[in-house]
Amino acid sequence: MPAVDKRGAEDTPLLKQYRALKAAHPQAILFFRLGDFYELFGDDAKLAAPLLGVVLTQRQGLPMCGIPYHASSHYMGKLLRQGHKIAIADQMEDPAAAKGIVRREVTRVMTPGTVVEDELLDARSANYLAAVELDSVGWGLAVVEVSTGEFWAEQAMSDHGREGLKALLARLRPAEVLAPAAAEGELRLKALLGPGAAVSDWKRTASESAAPAHWDNKSVWRNRPLALKAALTARSYVAATQAHLQDLPAPTLRESQDALQLDDAAIRTLELVESDAGGRAHTLWGVLDHTATPMGSRRLRQWILNPLAKLPAVERRANAVAELVEKPLERSRLHQILEGMSDLERVVNRMGTRSAMPRDLTALRAALGARASLEDWLGGGVSAAALSGIATDLADVAPALKTLHALLADALADAPPAKLSDGGLIRPGHDAALDELRRVRTDGNSLLAELEEREKRESGVALKVGYNSVFGYYLEVSKANSAKAPARWTRKQTLTNAERYITPELKELETKLLGAEDKFLKRELELFEALRAAVLAADAQVRRFAALAAELDALQSLAEAAARNDYAKPVLDLSHELVIVDGRHPIAEAILPAGSFVPNSCELDGRETQSLVITGPNMGGKSVFLRQTALIALMAQMGSFVPAKSARIGVVDRILTRIGSRDQLSKGESTFMVEMRETSHILRSATLRSLILLDEVGRGTSTYDGISIAWAVLEHLNRQAVREDKDEKGPRGPRLLFATHYFELTELAALLPGVKNASVEAREWTNAEGRTEVVFLHKISAGPADRSFGIHVAELAGLPPACLARAREILHGLENEARTAPAPARSDTDSQPSLPMFEEHPVLHALRLADPSDLTPLEALTLLAELKKKL
């Protein structure tokens with residue numbers, strides 16, 4: 001704890017030192033080392049104490065809290081996960097030897113997007129830092145994964161509403177974003193990414209405004225100025241905050257057209273990598289992940305969030321998966337080989353940091369040792385183009401990897417220590433100088449005994465070797481034998497009964513013994529740095545090897561999932577068809593007992609069946625059917641097999657969803673406003689190759705308004721080709737699944753070409769007690785439903801019997817009113833279709849429902865006045 005004298009906390013030398021360090025890092029929480037603790041003061045302490053679960057105290061009015069030094073990673077991780085930055089001020093000298101106040105310096109700045117320590121990272125998820133550049137016509141985005149060295153940038157122009165950028169950020173979920181204040185406000189980054197994401201306004205210096213010399217293809221970057229600016233900003237930030245890192249590799253330039261586009265709503269509602277309850281359990285990622293390594297799991301997650309949009313690339317990956325499905329023994333052997341590779345991507349990247357440890361080299365040695373086995377496996381007769389390509393790429397980097405592995409195998413001990421300071425990293429026989437120091441360090445007593453015996457033999461004098469802190473090591477001879485001492489001995493001390501001598505050889509050994517430990521550790525550090533330099537010299541080849549291993553791991557994981565779950569290989573083409581036979585929801589199927597999931601088929605072609613209007617009871621499975629169709633299309637385009645008897649998928653360019661309801665109170669938006677925003681985005685973003693899922697559009701407002709909006713949305717999407725003046729023989733609009741409880745919308749099947757009806761089946765029966773029961777069959781069939789069974793669902797939910805009885809009474813009355821109403825005239829299908837429900841004026845509808853016998857004179861006058869206002 002800091003000493004506080006009577007002059008007050010402001011004047012103590014310790015706090016002056018603290019405030020100087022804090023002033024240099026105002027945006028970070030400063031961890032100030034004091035003995036065995038890190039202390040936090042002032043506003044930092046008030047902010048961190050409740051987040052860390054530690055006690056906030058005060059000393060002379062100064063708030064403070066502390067955490068144990070040995071457990072600091074645990075506490076720092078808590079703050080980083082909540083979007084805070086940390087500056088670590090360590091003691092730079094031994095407090096016992098310090099004169100005055102101990103010198104302290106900030107040795108590390110930790111930010112959510114630049115962490116490299118394994119204990120602070122999720123092994124199976126990427127930890128991205130993103131930099132955003134906006135201008136009036138476009139945007140640029142750069143993305144860095146500091147722990148693996150991944151670095152790329154992308155640019156888009158004419159992205160109205162920045163929807164493409166928002167969708168990309170939603171897929172990436174960066175831990176930290178560098179963006180100007182204006183961009184943060186425009187993109188609503190905190191709302192988009194969650195409160196745990198850190199957002200910083202970082203300005204690079206004038207000297208950091210040009211691409212470095214090692215960035216290739218400078219002409220390409222000149223044509224992507226916003227992507228270049230974003231990449232330079234990211235590089236500048238990493239260099240400024242992570243001085244212990246080597247320079248980032250050159251970024252690659254990516255094109256968004258290469259991937260099927262998914263926005264935040266689709267990622268969330270389809271539960272691709274995170275479930276509604278949080279975490280990866282019960283997600284598509286969780287179902288498909290049978291990887292052997294963390295880097296393979298991260299690659300699989302990347303494939304899920306970025307499905308392919310180019311047919312040749314899809315077929316290449318799918319054919320590799322198919323070959324692995326057909327070869328279970330080879331697949332099992334591949335999994336065993338990969339299991340020994342650890343997280344090679346992060347291991348090799350740590351070699352460029354001060355956080356590299358001896359066991360990182362051990363993990364690297366083991367991973368490189370698996371290279372030969374992988375080469376043998378790939379040479380065992382694989383034929384798929386993707387696997388053959390991996391074999392070719394591995395052969396290209398094999399010489400460098402073989403040389404590096406031989407060096408590590410020769411240099412490293414079989415079981416290196418956890419820390420360099422423990423010693424024992426280097427194998428005996430690798431370095432002669434170290435071997436001598438090791439012999440001196442471990443065999444000091446035997447060396448002294450050897451010298452003692454040698455001197456006895458050569459001098460013929462009885463003696464013994466001794467030691468004291470004043471004179472060091474010496475030869476002690478009795479007074480009686482002192483006259484026999486050789487001339488080469490030098491008298492050092494005379495005692496009553498003995499004489500003590502030293503020799504040049506003894507003093508040389510003394511120097512070796514007393515300095516052996518420090519010299520040994522210093523020499524091991526030098527050799528460790530040499531090994532680290534050798535790894536960095538082969539950095540590109542090792543990274544390529546890690547990428548190839550991650551790809552193999554993801555491929556075998558998809559094959560394993562296909563084999564375990566009885567998936568089928570889909571057919572992809574450039575048509576607009578989407579034909580699924582006996583499709584299943586991969587996540588729901590995995591949760592339910594084996595064989596209990598009811599499969600359903602789906603057929604869309606963008607023209608004859610452009611839209612499918614699905615009606616039926618609550619809890620019948622409409623939303624599951626919508627989701628499973630999208631998941632099957634997505635899985636097909638990521639190169640996976642799919643949960644269906646068969647599937648034919650015309651390539652989809654984007655999946656757009658409006659499923660479920662949620663308020664966004666932080667934005668001041670109701671459920672209905674969120675629904676309308678998402679629907680608006682869908683209508684503006686959809687193309688003829690899109691797949692759209694709409695569930696209960698319009699339900700968040702009045703019945704008339706809701707039906708009107710749903711009707712107009714269906715009609716808008718059905719006529720997209722007409723508006724865009726497309727080929728009359730091509731698709732009418734995007735492939736659309738539209739689930740609704742508005743039965744009036746089923747009339748559109750007769751009014752709009754390409755609109756078909758489907759429904760979820762249910763059966764009623766009477767039990768032994770005479771009560772009517774409903775069985776949901778979860779089967780989709782052609783034609784509209786005739787009722788929704790909402791009251792039955794309310795009964796299952798536990799509504800009181802009296803309330804249910806009154807609901808049935810009201811429903812019966814409304815149904816009678818509907819049956820007695822005159823049928824409206826059918827509109828000409830070539831004209832603008834009109835909604836049959838709207839043929840009756842709302843005043844007439846209200847009058848039909850009113851019962852004069854139940855109204856008092858005052859109530860009747862009030863009703864008349866209200867109805868008159870509606871005319």
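The values are calculated or read from the model by the stated rules, or taken from the named source; none is laboratory data. The shown structure was predicted, so the numbers you read here are calculated from the model rather than taken from an experiment. As a convention, Cβ positions derive from the backbone with ideal geometry for all residues, glycine included, and neighbour counts pool all protein chains shown. These accessible areas exclude ligands, DNA and RNA; they are computed on the full protein's heavy atoms, side chains included. Shrake-Rupley method; radii C 1.70, N 1.55, O 1.52, S 1.80 Å.
Key figures for this structure:
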read-out: Estimated FRET transfer efficiency when R0 is 22 angstrom, pair LYS419-THR107 (beta carbons, to 0.05); value: 0.85
read-out: Rounded to 10°, Cα long-axis angle of helix 504-537 versus longest principal axis of the chain; value: 20
read-out: Built amide H within the under 5 Å cut-off of GLY733, gap 5+; value: ALA721
read-out: For ALA762, distant residues with modelled amide H under 5 Å away; value: LEU777
read-out: Residue-span extension gain [SER219 to LEU514] - 0.36 nm each, minus C-alpha spacing; value: 100.1 nm
read-out: Lysines with Cα under 21 Å of LYS464, excluding same-chain neighbours fewer than 8 positions away; value: LYS456, LYS479, LYS484, LYS492, LYS507, LYS512
read-out: Ratio Rg/Rh [Cα only; Rh per Kirkwood] for the range 200-344; value: 1.04
read-out: For the range 342-447, convex hull of alpha carbons as volume per residue, Å³; value: 122
read-out: The range 281-335 - Rg over Rh from alpha carbon coordinates, Kirkwood radius; value: 0.99
read-out: Charge dipole (the range 548-686, unit charges on Cβ, about Cα centre) - positive-most of MET673, LEU631, VAL598; value: MET673
read-out: Estimated inter-spin distance, GLU326 and TRP202, nm [label 7 Å along Cα→Cβ]; value: 4.8
read-out: Electrostatic dipole magnitude of the chain [Cβ: Lys, Arg +1; Asp, Glu -1; Cα centre; debye, to 20]; value: 2400
read-out: Enclosed volume per residue, in Å³, of the convex hull spanned by Cα atoms of the range 435-567; value: 179
read-out: Rounded tilt (10° steps) of 671-685 against the dominant C-alpha axis of the chain; value: 90
read-out: Rounded to 5, the percent of DSSP beta bridges in the chain classed as antiparallel; value: 65
read-out: Difference of contour (0.36 nm per residue) and Cα-Cα distance, LYS310 to LEU811; value: 175.2 nm
read-out: Gyration tensor over alpha-carbon atoms, the range 114-269, equivalent ellipsoid semi-axes in Å; value: 22, 20, 15
read-out: Three-way shape label, the range 136-210, alpha-carbon gyration tensor, a/c 1.5; value: rounded
read-out: Phi-based couplings in Hz for the range 714-719 (Karplus 6.51, -1.76, 1.60; Gly and Pro marked x); value: 4, 5, 4, 6, 5, 9
read-out: Computed over the range 575-664, the ratio Rg/Rh where both radii use C-alpha atoms and Rh is Kirkwood; value: 0.96
read-out: Dipole of the chain, positive end: most advanced residue of SER702, SER147, GLY783 [Cβ charges, Cα centre]; value: SER147
read-out: Full-stretch length increase - ALA406, LYS78 - with 0.36 nm per residue and alpha-carbon distance subtracted; value: 114.0 nm
read-out: Approximate spin-label separation ALA191-ASP94, in nm, with each point projected 7 Å along Cα-to-Cβ; value: 5.9
read-out: Partners for LYS85 among lysines (Cα-Cα distance below 23 Å; same-chain residues under 8 apart left out); value: LYS16, LYS22, LYS46, LYS190, LYS203
read-out: Efficiency of FRET from Cβ geometry, GLU728 and LEU21, R₀ 56 Å, rounded to 0.05; value: 0.20
read-out: For the range 203-210, Karplus couplings with θ = phi - 60° (6.51, -1.76, 1.60), whole Hz, Gly/Pro x; value: 10, 7, 7, 4, 6, 9, 9, 10
read-out: In sequence order, calculated HN-Hα J values of the range 699-713 (Karplus, 6.51, -1.76, 1.60; Hz; x Gly/Pro); value: 6, x, 9, 5, 4, 4, 4, x, 5, 4, 5, 4, 4, 5, 5
read-out: Partner lysines for LYS726 [C-alpha distance under 27 Å; skip if fewer than 8 residues away on the same chain]; value: LYS310, LYS756
read-out: With eigenvalues of the C-alpha gyration tensor scaled by 5 and rooted, the range 674-720, Å; value: 19, 12, 8
read-out: With Cα atoms, 0 to 90° folded angle of helix 42-52 axis to the chain main axis; value: 70
read-out: Amide H contacts of THR657 (H built 1.01 Å from N, under 5 Å, at least 5 apart or other chain); value: ALA266, LEU693
read-out: Rounded accessible area per residue of the chain, 1.4 Å, Å²; value: 46
read-out: Cα gyration tensor shape for the range 218-278, rounded if a/c is under 1.5, else prolate or oblate; value: oblate
read-out: Carbon and sulfur %, accessible surface of the chain computed with the full protein complex present, 1.4 Å; value: 54
read-out: Rounded, prolate or oblate (a/c below 1.5 giving rounded, otherwise prolate when a/b exceeds b/c) for the range 49-126 by Cα gyration tensor; value: oblate
read-out: Estimated inter-spin distance, ILE591 and LEU858, nm [label 7 Å along Cα→Cβ]; value: 5.3
